[in-house]
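Working notes, beginning with the structure itself.
The values are calculated or read from the model by the stated rules, or taken from the named source; none is laboratory data. Every value quoted in this text rests on a predicted model; they were computed, and no experiment measured them. Cβ: placed from backbone, ideal geometry, glycine included. Neighbour counts: every protein chain shown.
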Amino acid sequence: MRKLINYLLAAAALGSMSVVILILGGLIIVIAQKGLPAISWSFLSSGMKQAGASGGIIWHLVGTLLLITTAWLITSPLSLSLALLQQVWLDKKGRWSQALRLFFYTCNGVPSIVFGLFGFMIFVQYFNWGKSWLVGGIVLAMSMLPTVTLAIMERMEAIPAKYLEASAALGLSKTQVVWSVILPQSLTGLATGSLLALARAAGETAPIMFTATIFAGATFPDGIRENPVLTLPYHIFILAQDSFDPAMGPQLWGSALVLIALVATLSLLALPLRLIMHEESHD
Amino acid sequence: MTRFFSWLFSLLALAAFFALLLLFVWQSLPVLRAEGGSYVTENRWFFRQHQFGAAAMIYGSVVVSIIALMIAVPLGLGAAIGTAEYLPARLRWVAKAFMELLAGIPSVVYGLLGILLLRNWVYDGFVAFEPLSGDTLLTAGLLLSIMVLPTIVTLGDDALRAVSAKQRHAARGLGLTHAETILFITLPQAGKGLWAAILLGFGRAMGETIAVFLVVGRQDNQLPENLFSLSMLLEAGQTLTSKLGGAETNIAYGDPLHWAAITGLALLLLLITGLVTWLGSVFRRRSQDA
Amino acid sequence: MTMSRISLFLLAMGAGSTLWAGTLKINGSTTVNLPAAEAAEVLRKERGMDIHIDTQGGSSGGISMLGDGLVQLGMASKPVSDKDREKFPNCRFKEIAVGEDAVALIVSADVWEGGVKAITREQAADIYEGRIKNWSELGGPDRRIAFFNKEPGRGTWEVFAHWVYGDSKKAPQVNFPEVGGNEEARSKVGGTRGALSQLSSSWVDNELIYALGIMTKAGEVIEPVTSNIATRKYPLSRPLFLLSNGEPTGDAKIFVEFMLSAEGQKLVEKHGYLKLADLKQ
């Protein structure tokens, strides 16, 4: 009897795992199947034609990359500062420190559309910028901030105490410790957190649809105000609703495949870094 | 200098987040004044007549998320037991990496698959119940369950691994089988972490916009008499997020009351997901500290 | 204090950058978008113009963005109402017709083949208000009517409401599942049994979706075909407009003139709409 339960549980567990992998793997296969026919050099390098029915997605790629780059440039200094605050300038074990951390865990759960509406009210309307790539960058930065901040915080937490003790023994000031020990050691945390957050941000549609992207016509922005961009996720969203024609199928799936490839690349880049961190923290 | 800039940037970032909360509260005041409590309890959303009762959307969001959890939790936990207890370390890393890759699939792609595949499966599969179309609360829930799976598996795995090896070895030493160890020692000990996984999965499901928007049907004021009845599941519905992502948000801006009603929905969403995520994070912390 | 200084600075930066940007911005109806987007492509290629086109909010979005000064041209498949003019007093809305389109009441194949090929205005109102719920009451199969209502703000919906109630404002607020753009309507109706929705007649494929004729009180059935639309005999026709604030100037003028030219009109026709020349006043 006990043996039976043993086998059953093992079967159930491994069964569930297989089901999960099959479902999720199946998704990738479906998308790849439908999207691969559309991928060609011209698809990736030329602009959209006929309202999406033909042509390529170069400007959509450019737009998406511009948005996530801007978001990263905004988030990085802010996240580093917040992590430093929590780990160094405030008492690490203190109430404020813990509260800060919990605050960011909570913020991580805020749906991205809320950030989009915030950006819409403040920048698009109140500051009268209209739709702009910069607003998109700001909004995505806000949605990324918690993830990146937490990743850096956790990395800093994992810095072996012996380094900090040695620095203290050598008489280094806090600032010196930050620059010579903590920051260099945290870079992997910044990198990993950033890559994962960027992967998520690249695929976001809701926050950018009111703030930064349009369906057709934009190329590379030449200013801040009234300078939206084309983006991959919004393109897919509109094609799926407004102009999706069975004949346009390959265009749609090709865009989806490219987007997934972008997201996957960013995530995969994070992997070796995480392996390094994992091994380092088990010194 | 470093200290100064750390504080400066940090306060800037924090100010932005608080400004967000304050802005939504401030912008929603008109509708809260006009409707009072009935904003969340009444089931009538007629924007032309300036009637704003969001009960059906709250119901929609919650129902869709619960359906998602009912599928994702057993399946995800089972898979988590698989990765945490039965896989060798290397394979476990591979499985985790794979799971995270899949967590990154953009919601618009899930929405696409929902429109093109899931919608028809539900429509044809439940034909005996005569659904009006394939876009229903159930369809949205099913789609969400797949989207939430990676979260449940990863967090569940973390929770199970956090149970110390000593306990496991002690159990085995006492003669318990692997299964008994898992069922009677590991799982109970991992309780908090598992709750965290469920709560955080719930929060994720509640906040999902695009995928739900595409397959939920977007029909307002769909609230059953009996909250626990299953009849509404095969009907089209509306969630907080599907309303926010839709046409009304575009046309509401010029009308203060209408716009307040929209930001009010966002505020509700913020509060609910904030609460659920906060609780989940607290549990997660506690389970890791143990 | 700091807020206004910051916003002033940003406005200055923004204003400066717009002086350099010679972009023509257009927004509005997904119906008008089809020929307009192609026209924009032609102009981009042949005359190097910089044109942004979007379809946020459909016809209403086009009107409100023009009213807010966010775009130079709006696209609408419905006329600008008095309420719109009141809402944006600083905007002198000018409607420039570039074509004509008809809104059809489309049904899925099983309804058409089940015998329902025409509908009266009263029946439409009854369905819209929930008094008729089954196709059998219209002589069709015994099946629930799956009515997908067009989103508020869409020109297509306004034309429908105007026809049934005389004024879109008089339409009662109802609860039906919503569809957004034209393609979403087509794919949902095509894929659902017993379905009914409002859609531009140029999208009908007569395979998965069919257009109902309108039955008058006298029993005559008017189908949404070119001849009936051109003479305005079919009651649900609507003009396709480019909207401008006063007379269009600069790039907006070039765009409008192109749409009205033979080449532009050919694009209108290509997407199934009627060009201006087809209309018999």
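Against the condition in a helix (DSSP H, G or I), within 30 Å of A:Pro160 (Cβ to Cβ) and more than 10 Å from every other protein chain (Cβ to nearest Cβ), how does A:Trp59 come out, does it pass? Judged against the criteria, A:Trp59 is not a match. Among the residues here, B:Tyr123 does not qualify as of a type in the set (Phe, Trp, Tyr), part of a helix (DSSP H, G or I) and touching a helix residue (DSSP H, G or I) at 6+ places or on another chain (Cβ under 6 Å). For segment C:177-194, indicate whether the set of residues that are away from chain A (no Cβ under 14 Å), surrounded by fewer than 21 Cβ atoms within 10 Å (Cβ to Cβ), under 20 Å from B:Leu214 (Cβ atoms) and among the polar types (S, T, N, Q) is non-empty. Within segment C:177-194, none of the residues are away from chain A (no Cβ under 14 Å), surrounded by fewer than 21 Cβ atoms within 10 Å (Cβ to Cβ), under 20 Å from B:Leu214 (Cβ atoms) and among the polar types (S, T, N, Q).
The condition of being without any contact (Cβ under 8 Å) to a residue 60 or more places away in the chain and of a type outside the set (S, T, N, Q) holds for only one of A:Leu230, A:Leu170, that being A:Leu170.
For segment C:8-16, the criterion of being within 11 Å of another protein chain (Cβ to nearest Cβ) and modelled with pLDDT of 90 or more is satisfied by no residue at all.
Residues in segment B:108-131 include none that are within 8 Å of chain A (Cβ to nearest Cβ), under 22 Å from A:Leu14 (Cβ atoms) and not polar (S, T, N, Q). Just the residues that are in a helix (DSSP H, G or I) and surrounded by fewer than 24 Cβ atoms within 10 Å (Cβ to Cβ), please, taken from segment B:199-224. Result: B:Leu199, single match.
Return the residues of segment C:154-176 that are within 14 Å of chain A (Cβ to nearest Cβ) and part of a loop (DSSP other than H, G, I, E, B); say none if nothing qualifies.
Within segment C:154-176, C:Arg154 is the sole residue that qualifies.
Which helices (runs of 4 or more DSSP H) does segment A:154-257 wholly contain that include 3 or more residues that are within 11 Å of another protein chain (Cβ to nearest Cβ) and over 29 Å from A:Leu36 (Cα atoms)?
Details: elements: A:161-170, A:174-177, A:183-202, A:206-209, A:232-238.
Once the helices (runs of 4 or more DSSP H) in segment A:154-257 are filtered for at least 3 residues that are within 11 Å of another protein chain (Cβ to nearest Cβ) and over 29 Å from A:Leu36 (Cα atoms), what remains is A:174-177.
A:Gly136 meets all of the listed conditions (1) assigned to a helix (DSSP H, G or I); (2) more than 16 Å from the chain's Cα centre (by Cα) but one, namely (2). Of all residues in segment C:215-227, one or more are in a strand (DSSP E or B), over 28 Å from C:Asp84 (Cβ atoms) and touching a residue at least 60 places away in the same chain (Cβ under 8 Å).
If the condition is being more than 9 Å from chain A (Cβ to nearest Cβ), in contact (Cβ under 8 Å) with a residue 24 or more places away in the chain and out of contact with any Leu (no Cβ under 6 Å at 6 or more places or on another chain), then segment B:3-30 contributes B:Leu21, B:Val25, B:Leu29. Here is a check on your reading of the model: is B:Ala68 at pLDDT 90 or above, aliphatic (A, V, I, L, M) and part of a helix (DSSP H, G or I)? Here the answer is yes, as B:Ala68 does meet what is asked. Every test in (1) at pLDDT below 85; (2) within 10 Å of chain B (Cβ to nearest Cβ); (3) within 30 Å of A:Pro146 (Cβ to Cβ) is passed by A:Lys3 save one, and that test is (3). Against the test of being at pLDDT below 90, among the polar types (S, T, N, Q) and closer than 30 Å to B:Arg285 by Cβ, the options B:Thr177, B:Thr181 yield a single qualifying residue, B:Thr181.
Per-residue answers, yes or no, for (1) more than 19 Å from the chain's Cα centre (by Cα); (2) within 26 Å of B:Leu240 (Cβ to Cβ); (3) at the interface with another protein chain (Cβ under 8 Å from one of its Cβ atoms):
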{"residue": "B:Gly60", "(1), (2), (3)": "no, yes, no"}
{"residue": "B:Val63", "(1), (2), (3)": "no, yes, no"}
{"residue": "B:Ile66", "(1), (2), (3)": "no, yes, no"}
{"residue": "B:Gly76", "(1), (2), (3)": "no, yes, yes"}
{"residue": "B:Glu85", "(1), (2), (3)": "yes, no, yes"}
{"residue": "B:Arg90", "(1), (2), (3)": "yes, no, no"}
{"residue": "B:Lys96", "(1), (2), (3)": "yes, no, no"}
{"residue": "B:Met99", "(1), (2), (3)": "no, no, yes"}
{"residue": "B:Ala103", "(1), (2), (3)": "no, yes, no"}
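Output yes when any residue across segment B:35-45 is facing chain A (nearest Cβ under 10 Å), over 30 Å from B:Leu149 (Cβ atoms) and not in a helix (DSSP H, G or I), and no when none is. No - not one qualifying residue is present in segment B:35-45.
State which residue is nearest to the chain's Cα centre (by Cα) when the search covers only segment C:228-239 and only residues that are assigned to a loop (DSSP other than H, G, I, E, B) and at pLDDT 85 or above. Give the derivation first.
Here is the first cut: in segment C:228-239, the ones assigned to a loop (DSSP other than H, G, I, E, B) are C:231-236.
From what is left, the residues that are at pLDDT 85 or above are C:233-236.
Values: C:Lys233: 19, C:Tyr234: 16, C:Pro235: 15, C:Leu236: 12 Å.
Among those residues, the one meeting the criterion is C:Leu236.
Okay, residues lined up against (1) under 30 Å from A:Ala240 (Cβ atoms); (2) within 12 Å of chain A (Cβ to nearest Cβ); (3) under 12 Å from the mean Cα position of the chain (by Cα):
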{"position": "B:Ala162", "(1), (2), (3)": "no, no, no"}
{"position": "B:His169", "(1), (2), (3)": "no, no, no"}
{"position": "B:Phe184", "(1), (2), (3)": "no, yes, no"}
{"position": "B:Leu187", "(1), (2), (3)": "no, yes, no"}
{"position": "B:Ala190", "(1), (2), (3)": "no, no, no"}
{"position": "B:Leu199", "(1), (2), (3)": "no, yes, yes"}
{"position": "B:Phe202", "(1), (2), (3)": "yes, yes, yes"}
{"position": "B:Thr209", "(1), (2), (3)": "yes, yes, yes"}
{"position": "B:Phe213", "(1), (2), (3)": "yes, yes, no"}
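Taking segment C:65-82 as the range and being assigned to a helix (DSSP H, G or I) and away from chain B (no Cβ under 11 Å) as the test, the residues that pass are C:Leu66, C:Asp82.
When segment C:40-64 is examined, which residues are found to be surrounded by fewer than 24 Cβ atoms within 10 Å (Cβ to Cβ) and more than 7 Å from every other protein chain (Cβ to nearest Cβ)? Once the filter is applied, which keeps residues that are surrounded by fewer than 24 Cβ atoms within 10 Å (Cβ to Cβ) and more than 7 Å from every other protein chain (Cβ to nearest Cβ), segment C:40-64 yields C:Val42, C:Leu43, C:Arg44, C:Lys45, C:Glu46, C:Arg47, C:Gly48, C:Met49, C:Asp50. Just one of the listed residues (A:Phe127, A:Phe115) is crowded, with 23+ Cβ neighbours inside 10 Å and in contact with a Ser or Thr (Cβ under 7 Å, 6 or more places away or on another chain), and it is A:Phe115.
Within segment B:234-282, the set of residues being assigned to a loop (DSSP other than H, G, I, E, B) and closer than 22 Å to B:Tyr59 by Cβ comprises B:Glu235, B:Ala236, B:Gln238, B:Thr239, B:Gly245, B:Gly246.
Selection over segment A:1-48 of residues that are without any contact (Cβ under 8 Å) to a residue 12 or more places away in the chain and among the charged types (D, E, K, R) gives a count of 2.
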